[in-house]
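The values are calculated or read from the model by the stated rules, or taken from the named source; none is laboratory data. These numbers were taken from a predicted model, which means no experiment stands behind them. Heads up, the Cβs are rebuilt from the backbone with ideal geometry, glycines too, and the neighbour counts pull from every protein chain shown. Surface accessibility is based on the protein's heavy atoms, side chains included, excluding ligands, DNA and RNA. Shrake-Rupley method; radii C 1.70, N 1.55, O 1.52, S 1.80 Å.
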Amino acid sequence: SYALNTINEIENALEAVRAQENIIMMENQEGNTNQAVAEISAIQQTLQENRNKINDLEKRLSEQGAQSKALNQSVSRLKKQLEEKDTYIASLKDELQEIRQQIADLNEQVSNLNENIDELNSNLDVMTVQNAAQQATIANQDAMLNTVWICIASQQVLLDKGILDKGGLFSASALSTQGFDNSQFTPGDKRNLSVIPLNTKKYKVMTNHPEGSYTIKDGEGGNQVLEILDKEAFWSMSNYLVVSIK
């Protein structure tokens, strides 16, 4: 009959809803809340359709004056089940909506944290560049402060370069008083200079360096080498070393 068929349809629908609830709970645990909310909306639609069927069935039974106690009990039972499902599904939907909002809030917090991290990284990059520039400046300043200038050549070459001034008839050549052109010298770092080959056996140190800050000794092939004993003292009077050789 129509009533029994309708009751069977509603019971089958409720069974399907129960199965779908298990799927929704699994999706919720997996974090797929968007799909879960969509499926809840579909369940609510199914419940509404079956509620309409019960209303129609109650109306028909009333019009037909049906007195079947078992049938009326079945209808009442299904109505109660549908009401309970309505309440439960609505509660589940609210819970999922709250979870979605929490996830949205967390995503926003993560986004803000990422922006802060990006800003910190950007600041760190700037600081790294600035630090590198400062280190380069310091290194350059250190190099300039520790740069010394060396020229070891014959007297004639020293004269030609303007490092020596030619003396008078009875005076020896002396260091130029006009200042030196550094392009005529070989630069060096006084922190690393210890031994300077003179490549000759005859020499004359033209620049002033404190006694005891250096010594001249034999090197390979009998040629002389200048050994600096006290770097600070040796370069204290001048950053230039001029040696006239023969």
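Worth a mention:
- Annotation for the stretch 117-129: at least one member residue is open to solvent by less than 70 Å² (accessible area, probe 1.4 Å), more than 21 Å from Leu47 (Cβ to Cβ) and either more than 30 Å from the chain's Cα centre (by Cα) or among the polar types (S, T, N, Q) (or both).
- Residues that are over 20 Å from Lys246 (Cα atoms), touching a residue at least 12 places away in the same chain (Cβ under 8 Å) and surrounded by 13 or more Cβ atoms within 10 Å (Cβ to Cβ) do occur in the stretch 148-166, at least one of them.
- Looking across the stretch 229-246 at every residue that is assigned to a strand (DSSP E or B) and among the hydroxyl-bearing types (Ser, Thr, Tyr), the one that is farthest from Leu145 (Cα to Cα) is identified as Ser244.
- Taking the stretch 14-55 as the range and being within 17 Å of Ser76 (Cβ to Cβ) and touching a residue at least 24 places away in the same chain (Cβ under 8 Å) as the test, the residues that pass are Leu14, Leu47, Asn50, Arg51, Lys53, Ile54.
- Subset of the stretch 218-228 [surrounded by 10 or more Cβ atoms within 10 Å (Cβ to Cβ) and farther than 20 Å from Leu145 by Cα]: Asp218, Gly219, Asn223, Gln224, Val225, Leu226, Glu227
- Selection within the stretch 95-113 - open to solvent by 70 Å² or more (accessible area, probe 1.4 Å) and either at pLDDT below 85 or touching a Cys at 6+ places or on another chain (Cβ under 8 Å) (or both): Glu95, Gln97, Glu98, Arg100, Gln101, Gln102
- Inclusion of Glu63 among residues that are among the charged types (D, E, K, R), open to solvent by 70 Å² or more (accessible area, probe 1.4 Å) and modelled with pLDDT under 85 is warranted.
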